[in-house]
Each structure stands twice: as C-alpha cells, then as structure tokens.
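Data first, discussion second: the structure below is written as structure tokens.
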Amino acid sequence: MINIPKGTKDVLPSESYKWNEVERVVQVLRNKYNLHEIKTPMFEHTELFVRGVGNSTDIVNKEMYTFLDKGNRSITLKPEGTAGVARSFIENGLFNETLPLKVYYITPCFRYERPQAGRLRQHTQFGSEWFGVDSVEADAEILMLASDFYKSFGINPTVLINNLGCSECRKKYIQALKNFFEPQIKDMCPDCQKRFETNPLRILDCKVEECKAINKNAPVITDYLCDDCKNRFEELKKVLTEVGVNYKCDSMLVRGLDYYTNLIFEFVDEDKKLGQNALGGGGRYNNLVEELGGKPTPVVGFGIGIERLLLYLENKGIEIKNNQQLEVYVANATNNLIEIIKLTKVLRDNNISAEMNLTQRTLKAQFKYADKIKAKYVMVVGDDELNSNKFTIKNLEDGSQTQVDKQDLIKYFKG
Ligand code: HAM
C-alpha cells in the first residue's frame, strides 16, 4: 500500500464539514469587510521567495520545496501566501486601481518542517492583505478582521503585538543589537552566527537554549522607537482596547519572515496545548512591493493556519456544528424507476435535499440506512402510493408518520 507523504493530511468526508464552515465564515467576513478574493499559483519562481520572504529566514534556508522543472527553471511550492500576492499586485498593475485594495485568500502552503502536532508540511492559510494604506485605522481593522474570524468559532485568542519601528528606528535598533551580541556571538549557535551577519533581528527568534538565555538581556525595540512610531503604537493600543481585541504587548516578538516593518502580531494559544504556539500571524510590510520591483506601497496583512485553528478548537472541546442534513430519503418499494427518479428530482428542483435508494436493499434495510445517514424524513414510494398519489412520510427524528398528497409534498417538506 502507498501511504500519504509525511506531514500531510487527508480531510475525510466525515470531517470536511468543518472546512466548509471555515469557508462559510470567510465568505461572511468577505461581505462584512468588503474583501475581494485573489488566487495565485501554487508555485512561483524560487527567486520570489528568496527576495520576498528573505534569505536569512528558516523558511527560505531550510524549508522550501524547490525543484527544477523540465525547462530548468527553479520553481518553489509556495511556503506562504504574501509574496505571491505582492507579485501579482505588481505584475497586474493593481496599484493603478482604486486603493486601498483589500484581498483575501485561502491557500495551501508547503514547508519542509519536522512534522508534529500542529506542524505540517502542507498546511492551509486564510490570509488577507490590504494594499495602499498606512494608518492606525488599517492596522486596527486588520486585527479586528482576524479577531472576528476567531470569534466566529467562539474563541478569542490573545494577540501579541510589537512594533519594529520605521526604517530609522530599526537602523538604530539593529546597531544596538549588533553592539550587544558582538562580544558573545562566539558562544551562540552557528545559525545565530550567520544571522549576526545577515539579519541580527532574527537572533531573537532562536529556539536554542543557550541563545535564548543570552537573548533575555538583549535591547528591546521599544527603547529605540521614534516619537511618531511610539505615538502611533499607543494610538493603536487605545483603539484595540475600545473595540475589544484581546491584545498583549510583547517587545520580544519577532516573526519568521524578513519583510515586516512597523507593526507585527501573532495570535497565540495561551494554554500551549497545540505543540506549536502560533494560531496566526502577520504585520505591516511597507517595503516589500518596492523590493520586488513595484511602486512603493504600504501593506498590512495576516495569515491564519486553518489546521491549527481546528486543532485548537478540538483541544478546547469546541465543536463545529455540522449543518449538512439530508432532508428526504426516498425509499423504493416499486419497480417503477422512472417515477421514483422523477419524484426525487422534483424535490431537488425545489431546493429540498433528497437522496433515493440506489441499491437492491429491502425496504427494512433502506430504513436502517436512512437512520444511519441521519435523514430527517423517509418517503416510501411503492406502486400503491404511485396509484393513489398519497405518500407515507416517516419523520425519523420523532418517529411520527403522515400521509401526504403528491401535490402537497413540497409544502410539507418546506413547512
Ligand atoms: P506565518 O506566521 O509563517 O506567516 O504563518 C501564518 C500561520 O500559518 C501560522 O501562525 C500558523 O498558524 C500557520 N502555519 C505556519 N506554518 C505551519 C505549519 N508548518 N503547519 C501548520 N500551520 C502552519 C505567514 O506565512 C505570513 N505570510 C503571514 C502574513 C500575511 N503576514 C502578512 N501578511
């Protein structure tokens, strides 16, 4: 037997209703926030992620599914959604359209990571990117959107927020980090030694114990923010409190992607039951579009892991309601196939979910099956029923039985 590749998962028919519910919630938010869907390819030229996500990140260095195609081009399965959307924004001249442009996507992402609970090699993200706005309002609204998404499932996870500052504050902060790490970098892991050269900010995200101990005393960005950045962050916090976004400031928060400027955030599992802490994350990236060859365009966005959301709900004992129920099972006690197919069709044409017997089962076995698939009603169709135009309908939920005239069937089921 051939098994599923490590770190991937089937969504089985018995659980796909949960995914349907996620998609339904996204559609509701699409309307409420006036978002537009964007679909970009599953794979891109490798260079997009090297330049976009950044070649000092673990994602680019260790986790990409990269291969040469038959034309000898280096291709990578998308490890995240943002870079492809930014490429599309530039390539399709979307900056010429009315801004802000608020897009969303639900996409599989591929990362060659060590699989464990909540960490997959193929995962799915619901993401949203807002192009062409650089304001406290946009920062607040993107957090409200993500927060509304979680609230739709009855949860309100904490969002950790931090401010990486503008390029001026960051320049000063990175210098302070370099001064701090320089005397002790030789005691840090080989990855951090590389990060010291390429992007010292990334050292703060290291999971190696020795490095974590050193990081505890590192300078914090909040001490290096200019007045504008400080004021804006304070303003944002005020708005978030007013609108009920459950946030906490975390000046040590860094993100695993290089494109961020200013605001960064991460929705976290406070109980740490997921194995992986982050339920979703994002932030502002005001330089990416320009770095990829477009006109300077500020953007803010997030990506939310759907598998992690479902695992989190499961851990919390929160069930997603299965809204799919078969209304009518049409049981077959006649050889008149045409009539039974036509009757089932009439039900469906009137938007009533209906399934007819497709097997050689006895009537008793058909009732058993209808019960098993949790149909609401069974309608028996035999020769007597077809002759008299009166049908016996059994309500499987309360066991009652009713005779209904053919002409009243639709009214009865819709009633
Ligand atoms: P990210 O933090 O790398 O950000 O991923 C976003 C979310 O995807 C994570 O918080 C997590 O829920 C989920 N996730 C990531 N990796 C895995 C994995 N291996 N298995 C399961 N779930 C995973 C981004 O990707 C950015 N593009 C987000 C963004 C959009 N920033 C601005 N706009």
The chain: most fluctuating residue of 217, 277, 335 per GNM, C-alpha cutoff 10 Å
335
Å² of accessible area per residue within the stretch 1-106, as computed with a 1.4 Å probe and no ligands counted
59 Å²
Residue order for 19, 130 - accessible surface, 1.4 angstrom probe, largest first
19, 130
Which residues' amide hydrogens lie under 5 Å from the amide hydrogen of residue 99, considering only partners 5 or more residues apart or on another chain, with H built in the peptide plane?
none
Using a 1.4 Å probe, what is the accessible area per residue for the stretch 328-413, in Å²?
61 Å²
Quick one: among 213, 375, 138, which has the greatest mean-square fluctuation in a GNM of the chain with alpha-carbon springs under 10 angstrom?
375
Could you work out what % of the accessible surface of the chain is carbon and sulfur, using a 1.4 angstrom probe and leaving DNA, RNA and ligands out of the count?
49 percent
Relative contact order (percent) for the stretch 318-387, with alpha-carbon contacts under 8 angstrom and 6 or more residues of separation?
50 percent
Please compute the modelled spin-label separation between residue 227 and residue 398, points set 7 Å along Cα→Cβ, answer in nm with one decimal.
7.2 nm
Contour excess over end-to-end distance, with Cα ends at residue 172 and residue 72 and 0.36 nm allotted per residue:
31.8 nm
Amide H contacts under 5 Å for residue 331, restricted to residues at least 5 apart in sequence or on another chain and with H modeled in the peptide plane, are 379, 380, 381
Given the options 198, 251, 331, identify the residue whose Cα lies farthest towards the positive end of the charge dipole of the chain (+1 on Cβ of Lys, Arg; -1 on Cβ of Asp, Glu).
331
For the chain, share of DSSP beta bridges that run antiparallel, in % to the nearest 5
80 percent
Quick one: what are the phi-derived ³J(HN,Hα) couplings along the stretch 156-164, Karplus 6.51/-1.76/1.60 with θ = phi - 60°, whole Hz, x for glycine and proline?
9, x, 5, 10, 7, 10, 8, 10, 7
Residues whose built amide H sits under 5 Å from the amide H of residue 247, excluding neighbours closer than 5 in sequence, are 159
Treating cross-link reach as a plain straight distance, find the lysines whose alpha-carbon is under 21 Å from the alpha-carbon of residue 374, omitting any fewer than eight places away in the same chain.
18, 321, 345, 364, 394, 414
Using +1 on the beta carbon of Lys and Arg, -1 on that of Asp and Glu, and nothing else charged, what's the dipole of the chain about the Cα centre, debye to 20?
800 debye
Counting only C-alpha contacts under 8 Å and six or more residues apart, can you give the relative contact order of the stretch 79-147 as a whole percent?
32 percent
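The values are calculated or read from the model by the stated rules, or taken from the named source; none is laboratory data. The structure displayed is predicted, hence computed values, not measured ones. As a convention, Cβ positions derive from the backbone with ideal geometry for all residues, glycine included, and neighbour counts pool all protein chains shown. The accessibility values were calculated without ligands, DNA or RNA, using every heavy atom of the protein model including side chains. Shrake-Rupley method; radii C 1.70, N 1.55, O 1.52, S 1.80 Å.
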